[in-house]
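Here the structure is laid out as structure tokens; the discussion comes afterwards.
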Amino acid sequence: MNKTLDYGNTWESFDLSIIKERFRIKNPYGQFADVLDIETRKYLYICSVAQEDISPSILVDEYWHAMILN
């Protein structure tokens, strides 16, 4: 597998800056918002191409919930 993931234009193009800032302010893991934004986008890409069900890490799951609930 290529070490540099091309996680596609679909999730890459969404402006999630408002969600990222809310997460940074409200969540105890807010200091990781920039990294979690990238990792969540990678996770969503992997979900779209995976042949099996996969689960996110705990922190990606936190960010994912912040994203879908805001």
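The values are calculated or read from the model by the stated rules, or taken from the named source; none is laboratory data. All of these numbers come straight from a predicted model, not from anything done at the bench. Neighbour counts are summed over all protein chains in view; Cβ atoms, including those assigned to glycine, are modelled from backbone coordinates with ideal geometry. Protein only, heavy atoms only, side chains kept; ligands, DNA and RNA dropped before computing areas. Shrake-Rupley method; radii C 1.70, N 1.55, O 1.52, S 1.80 Å.
Taking all protein chains together, 42, 26 sort by accessible area into 26, 42, largest first [probe 1.4 Å].
Taking a ≥ b ≥ c as the square roots of the eigenvalues of the alpha carbon gyration tensor, segment 12-64 is oblate, as a/c is not under 1.5 and a/b does not beat b/c.
Inter-label distance, residue 14 to residue 51: 2.7 nm, where each label sits 7 Å from its Cα along the C-beta direction.
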